[in-house]
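Structure first, commentary second.
The values are calculated or read from the model by the stated rules, or taken from the named source; none is laboratory data. Remember, predicted model here, so these are calculated numbers, not experimental data. Here the Cβ positions follow ideal geometry from the backbone for every residue, glycine too, while neighbour counts run over all protein chains shown. To get the accessible areas, we keep the full protein, side chains included, count just its heavy atoms, and leave off ligands, DNA and RNA. Shrake-Rupley method; radii C 1.70, N 1.55, O 1.52, S 1.80 Å.
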Amino acid sequence: MRATFLAIAGISMVVSGCGGSSSSSSTGGGDDINPDVSISIPFNATLGNDAFECGKEYPGIGSNGGNIAVAHDARLFIHNVRFVTNDDREIPMVLDGDDNGEATAQQKPGEGIEGIALLDLRDKGEGCTSDDANPDYNDSVTGTAAIANENIKALRFSVGVPAKYNHIDAQGNQPQLDRETGEPIAGTVAEGPLAASGMGAGGMHWSWAMGYVHARIEVEVPSADAGIFYVHLGSTECDGEASYAERVCANGNRPEVELNDFNPELHGINVNLAALLSGNDITVNQGGPAGCMSGLTDLDCIGIFERLELPFPDADMTGDYPAVFSTFELQ
Amino acid sequence: MNRLFLALVLPASLLLSGCPDSSTGIDDQGASVSDFDWHMPDWVPLPVEPDYNPITEAKFQLGRYLFYDTDLSSDGSMSCESCHQQDKAFTDGVARPTGVTGMIHPRNSQSIANAAWVRTLTWGNPTLTDIEQQIVIPLFGIDPVEMGVNEANQDLVLSRLQRKTEYQTLFAEAFPDQSDPMYDEQAWQNIIHALASFVRGMTSFGSNYDLYTAGQSDALSTSAKRGMNLFNSEKLECFHCHEGYTLTASVRDRRRTPNIPAPFFNTGLYNIDGISAYPEPNTGKHELTGKTSDMGLFRPQSLRNIALTAPYNHDGSTATLREVILNYAAGGRNITSGPNTGDGRMNINKDPFIVSFTITEQEIEDVVAFLESLTDYEFINNPRYANPWQPPKDQDLTP
């Protein structure tokens, strides 16, 4: 990724050197040949072909013909959004901030691991958690990319919070400290969606393990004792003190998504909960908490991780699984 | 280890005694960020407190009201006190407590006396180093659910607090720089900071053992003195993990930040299927790190007030102090039936200090007498830590 970034920066400099008068303030590399284009990528959540609606029942969810599931949660962080050209160059999408370029509750502006968005696909009418509309609803990623004259063959992005920010203080105002000097480390105060999800019961921070919940997908299962089948994706096998930025996880558990033939003018991105759950009998808890909270001994995680193409003990990475992420055509 | 540590600290102490203004007699590096009265003897070094939440009496008092307020749970049925009761040195007397939705916590409630001094909070989690981080878990956690606050009910819970007249003043005094500390978006953070301040301010250094070490020779019975010598002997080896003024090796204070990893040890309680496994989900440090070498490693507990905090061990699986001592005497616990069958004595991760020893009934009684001398009756009867919503008890429980 760094190599790609340098290559883009190099092109930009060459163009400037030739008298190009790029007025873009973006860091994304927009120039006269390939000016920045404003882009908004919509996301939606479905169970199969049916739109995710909080509290609605969906039959046939899970393995062996499936069971009735009730939509309960559909949130995920994404970062490092980038376009892939026909000649295999990656062009980053620079996520927007507010009018002043500051982070919003939904997006931390920037590109690569700096550009982080929190998608909250729980529909507006019923917030899944109460009768009120969901004030945090967010179904799109917005920004710019220098792709005006590029031939784009795919979109790539990473799910979750990047390692650099995964162990910062989600409560919002404690920077990580340098152990040697005791000085705060720049950029480690939670902002935007990283701060919002740590406040109160935001639900996207995993306090016990001092990291964020990369994705939170939940369905209620009326016929099961446990009530809810959780999919909480987070980094595991971590060690080191978070407050000194020393925490490192052996398993990042951040799915890499690549969607071919993606055209930002024609397509949005679908997250299919039915596909994610298709390898699990959602009425059965095979160990640990109901569903999968990423624990390495939780057998419920095998099917989930296979479908997210994440390594997991005993997971079959060669299987042909239904796609959790796919493109859909805009109306 | 302990001796070396003292040797390092003493010169600093001597230097400071030349300062007429020094009130603590120890090198706190001038880091006392507030004039908070810790209500503890001068010889105890000041604890670490985070820059972002310096302790004040006002935050401590607000935290005290919150700690004892059942309105802080989703259904109004539980407060922090439900699992942390003063007469039991802020534990609850059960093996494993139950949360508001009926979920049973996998682990035993811990005493929170002197929580400000431990390297890491909770039984086996090496990650939690600040009380502020820990308090989020019982409030908002879902695995297990404890207080049951979540996205759906957090505004309701907050509104119940906002309706109480006591809090109008308490919040304003605790957070004087904020215009609306109970109503704006920082409200939950303020609640957490206040609760952390109350917990951090709970100090317990007033046991008979402390009187004894301060020079009052008759503060310990002859049995307790014999037990103390056994405790500190190379036969029992207790002192390696339960050392110093906190009686745990998991300690930090304002004089220094240890640069060795926070201590966690396997004491040979389990060895399921002979592969050194501990019953899920209580695999200790391993739960977070995933390392086989961390299986069954738990933080050494402070033994202060230990006689009040039965049952024992991370899962409450040992009923009495006598049984704890017998487990150590056997060099671990051999479980011969049931799902946890296995010989913990053979656990591959068992700490080398868990050696077997022979011990007589009299010696067990002596060690128990010593452990009982660590009880701080002043602490468990101190109105400063008691429920502010109730009138003070008129009876004195001190024996």
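Scanning the range B:341-386 for residues that are under 30 Å from B:Val199 (Cα atoms) and not polar (S, T, N, Q) yields a count of 16. The one condition from (1) of a type in the set (Val, Ile, Thr); (2) within 14 Å of chain A (Cβ to nearest Cβ); (3) crowded, with 23+ Cβ neighbours inside 10 Å that B:Thr309 does not meet is (2).
Filtered by the rule that a residue be on the phi < 0 side of the Ramachandran plot, within 14 Å of another protein chain (Cβ to nearest Cβ) and open to solvent by less than 40 Å² (accessible area, probe 1.4 Å), the range A:273-309 gives A:Pro289, A:Ala290, A:Cys292, A:Met293, A:Gly295, A:Asp298, A:Asp300, A:Cys301. Hey, among the residues in the range A:121-165 that are in contact with a helix residue (DSSP H, G or I) (Cβ under 9 Å, 6 or more places away or on another chain) and within 15 Å of A:Arg216 (Cβ to Cβ), which one's most open to solvent (accessible area, probe 1.4 Å)? Per the criteria, the residue is A:Asp136. Every condition in (1) closer than 30 Å to A:Asp239 by Cβ; (2) at pLDDT 90 or above; (3) out of contact with any helix residue (DSSP H, G or I) (no Cβ under 7 Å at 6 or more places or on another chain); (4) hydroxyl-bearing (Ser, Thr, Tyr) holds for B:Ser217 except the one numbered (1).
Restricting attention to the range A:242-255, the residues that are modelled with pLDDT under 95, part of a loop (DSSP other than H, G, I, E, B) and buried (at least 17 other Cβ atoms within 10 Å of the Cβ) add up to 2. Residue selection: B:Ala310 satisfies the criterion of being touching a residue at least 40 places away in the same chain (Cβ under 8 Å), closer than 22 Å to B:Ala369 by Cα and in a loop (DSSP other than H, G, I, E, B). With the requirement that a residue be under 14 Å from B:Asp315 (Cα atoms) and open to solvent by less than 20 Å² (accessible area, probe 1.4 Å), what does the range B:267-278 give you? Once the filter is applied, which keeps residues that are under 14 Å from B:Asp315 (Cα atoms) and open to solvent by less than 20 Å² (accessible area, probe 1.4 Å), the range B:267-278 yields B:Gly268, B:Leu269, B:Tyr270, B:Tyr278. Per the conditions (1) assigned by TED's automatic domain parsing to the domain that holds B:Gly227; (2) modelled with pLDDT of 95 or more; (3) surrounded by fewer than 22 Cβ atoms within 10 Å (Cβ to Cβ); (4) aliphatic (A, V, I, L, M), the sole criterion not satisfied by B:Val367 is (3). Test A:Glu258 against the stated conditions and say whether it is of a type in the set (Asp, Glu), within 10 Å of chain B (Cβ to nearest Cβ) and assigned to a strand (DSSP E or B). No; evaluated as a whole, the condition is false for this residue. The number of residues in the range A:227-247 being more than 10 Å from every other protein chain (Cβ to nearest Cβ) and of a type in the set (A, V, I, L, M) comes to 3. Taking the criterion of being free of Cβ contacts under 8 Å to residues at least 60 places away in the same chain and of a type in the set (Ser, Thr, Tyr), the residues of the range A:267-320 that qualify are A:Thr297, A:Thr318. Condition test on B:Arg254, is it basic (Lys, Arg), closer than 24 Å to B:Arg299 by Cβ and either touching a strand residue (DSSP E or B) at 6+ places or on another chain (Cβ under 7 Å) or surrounded by 22 or more Cβ atoms within 10 Å (Cβ to Cβ) (or both)? When the stated conditions are applied, B:Arg254 does not pass them. Taking the numbered list (1) closer than 25 Å to A:Ser40 by Cβ; (2) outside any loop (DSSP other than H, G, I, E, B); (3) under 19 Å from the mean Cα position of the chain (by Cα) in turn, A:Arg122 passes all entries but (2). Would you confirm whether any residue within the range B:326-336 is modelled with pLDDT of 95 or more, open to solvent by 30 Å² or more (accessible area, probe 1.4 Å) and part of a strand (DSSP E or B)? Yes, the range B:326-336 has at least one match. Considering the range B:76-114, and only residues there that are basic (Lys, Arg) and out of contact with any strand residue (DSSP E or B) (no Cβ under 9 Å at 6 or more places or on another chain), the residue that is most open to solvent (accessible area, probe 1.4 Å) turns out to be B:Lys88. Residue under question is B:Asn334, and the condition is that it be more than 25 Å from the chain's Cα centre (by Cα) and free of Cβ contacts under 8 Å to residues at least 40 places away in the same chain; does it hold? Taking the combined requirement at face value, the residue satisfies it.
For the range A:62-112, a tally of residues being outside any strand (DSSP E or B), open to solvent by 50 Å² or more (accessible area, probe 1.4 Å), under 23 Å from A:Val231 (Cβ atoms) and in contact with a strand residue (DSSP E or B) (Cβ under 7 Å, 6 or more places away or on another chain) returns 1. Screening the candidates A:Leu95, A:Leu6 for the property of being at pLDDT 55 or above and either hydrophobic (A, V, I, L, M, F, W, C) or over 30 Å from A:Pro135 (Cβ atoms) (or both) yields one hit, A:Leu95.
Residues in the range B:129-143 that are closer than 20 Å to B:Asp294 by Cβ and either in contact with a strand residue (DSSP E or B) (Cβ under 6 Å, 6 or more places away or on another chain) or more than 7 Å from every other protein chain (Cβ to nearest Cβ) (or both): 1 in all. Within the range B:59-75, the set of residues being touching a helix residue (DSSP H, G or I) at 6+ places or on another chain (Cβ under 9 Å) and open to solvent by 30 Å² or more (accessible area, probe 1.4 Å) comprises B:Gln61, B:Arg64, B:Tyr65, B:Thr70, B:Asp71.
Here's the yes/no breakdown for (1) open to solvent by less than 10 Å² (accessible area, probe 1.4 Å); (2) polar (S, T, N, Q); (3) within 18 Å of the chain's Cα centre (by Cα); (4) within 29 Å of B:Gly331 (Cα to Cα):
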{"residue": "B:Ile192", "(1), (2), (3), (4)": "yes, no, yes, no"}
{"residue": "B:Ser197", "(1), (2), (3), (4)": "yes, yes, yes, no"}
{"residue": "B:Met202", "(1), (2), (3), (4)": "yes, no, yes, no"}
{"residue": "B:Tyr209", "(1), (2), (3), (4)": "no, no, no, yes"}
{"residue": "B:Ser217", "(1), (2), (3), (4)": "no, yes, no, no"}
{"residue": "B:Arg226", "(1), (2), (3), (4)": "no, no, no, yes"}
{"residue": "B:Leu230", "(1), (2), (3), (4)": "no, no, no, yes"}
{"residue": "B:Leu247", "(1), (2), (3), (4)": "yes, no, yes, yes"}
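What are the residues in the range B:144-168 that are away from chain A (no Cβ under 13 Å) and either touching a helix residue (DSSP H, G or I) at 6+ places or on another chain (Cβ under 8 Å) or at pLDDT below 95 (or both), if any? Listed by number, the residues that qualify are B:Arg160, B:Lys164, B:Glu166, B:Tyr167.
Is it the case that some residue within the range B:171-180 is crowded, with 21+ Cβ neighbours inside 10 Å and either aromatic (Phe, Trp, Tyr) or within 15 Å of the chain's Cα centre (by Cα) (or both)? Yes, the range B:171-180 contains at least one residue that is crowded, with 21+ Cβ neighbours inside 10 Å and either aromatic (Phe, Trp, Tyr) or within 15 Å of the chain's Cα centre (by Cα) (or both).
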